[in-house]
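The values are calculated or read from the model by the stated rules, or taken from the named source; none is laboratory data. What you are looking at is a predicted structure, and each value in this text was computed from that prediction instead of being measured. In this analysis, Cβ positions are derived from the backbone assuming ideal geometry, glycine residues included, and neighbour counts consider all displayed protein chains. Each accessible area value is taken on the protein alone, full model and side chains, heavy atoms only, with ligands, DNA and RNA left out. Shrake-Rupley method; radii C 1.70, N 1.55, O 1.52, S 1.80 Å.
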Amino acid sequence: MVAVIDYDAGNLRSVEKALNFLGEDVMITRDGSRILAADKVILPGVGAFGDAMAKLNQYGLPPVIRQAVDRGTPFLGICLGLQLMFERSEESEGVEGLGLLGGKILRIPPNQGLKIPHMGWNSLDIRRDSRLFAGISPGAYVYFVHSYYLEAEDESVVAASAEYSVHIHAAVERGNVFACQFHPEKSGDVGLKILKNFVEM
């Protein structure tokens, strides 16, 4: 069973639909006991860092998330979910993230001819030994929608990167913790393969 965490941050149904397509049982929930009982946990999300952390705190979810991760449950952050897994974001100064991994979320710098938010398909530079990207060709294209990007403290956790005005840490993995800045559930066959790799961890 895959638990998709519901904290009013949208994007839940498309994740559920992609996982159902892969034959997975999915529950959308904010119930701590159900999240901790799940085989896999996904933190999706679109929106603002500060608002999202306020909602997670309102529902008492940060300790549940940390407990699931500490137990070794495979955990995947998607888009805003990735950003929340880190320590802080320029979007919401003074708001603490979950701090599951070291790093900061920065605004994509303006660059002539490039629109922000970064919205659309972009190729990935994939780390060869990545478990999340097993069986996916270098340079594969995935779908992004974001105005902020990750700069990880420890580059060894970066599973894939992309170039858009700046060097973007587009996916991370360490132990049982995984995250994608892009939307695998909206990235066609490549995205489905990434989700399949995750649920088979």
**Request:** Calculate, in whole percent, how much of the Cα-Cα pair population of the stretch 1-139 lies beyond 27 Å.
**Result:** 25
**Prompt:** What full-extension length gain, to one decimal in nm, is calculated for residue 96 and residue 51 as 0.36 nm per residue of separation minus the Cα-Cα distance?
**Reply:** 15.0 nm
**Message:** Before I look further, what does the stretch 1-99 give for accessible area per residue, probe 1.4 Å, in whole square angstrom?
**Reply:** 42
**Label-to-label distance, nm, for residues given as residue 25 and residue 129 (7 Å Cα→Cβ offset)** = 3.5
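Can you pick out the pairs among 40/196; 55/186; 40/193; 55/115; 17/193 whose Cα atoms lie more than 19 Å from each other?
On the way: 40/196 12 Å; 55/186 24 Å; 40/193 16 Å; 55/115 29 Å; 17/193 14 Å.
Cα-Cα > 19 Å for 55/186; 55/115; rest within.
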**Prompt:** Amide H to amide H under 5 Å from residue 148: which residues, 5+ apart in sequence or cross-chain, H placed 1.01 Å off N in plane?
**Reply:** 108
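Need one number: % antiparallel among DSSP beta bridges in the chain, to the nearest 5. Please list the in-between numbers first.
On the way: 23 of 39 bridges.
Expressed as a percentage, antiparallel bridges in the chain total about 60.
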**Item:** Length added when fully stretched, residue 36-residue 155, from 0.36 nm per residue minus Cα-Cα
**Value:** 39.9 nm
**Asked** Just going by the charge dipole of the chain, with Lys and Arg at +1 and Asp and Glu at -1 on Cβ, which of 103, 22, 190 is farthest out on the positive end?
**Response** 22
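If you wrap the stretch 128-201's Cα atoms in a convex hull and average its projection over all directions, what's the area in nm²?
Working: hull surface 19.5 nm².
So the mean shadow area of the Cα hull is 4.9 nm².
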**Prompt:** Tell me, what % of the accessible area of the chain is carbon and sulfur with a 1.4 angstrom probe?
**Reply:** 46
**Message:** Given all pairs of different Cα atoms, what value in angstroms does the Kirkwood hydrodynamic radius of the stretch 60-195 take?
**Reply:** 15.1
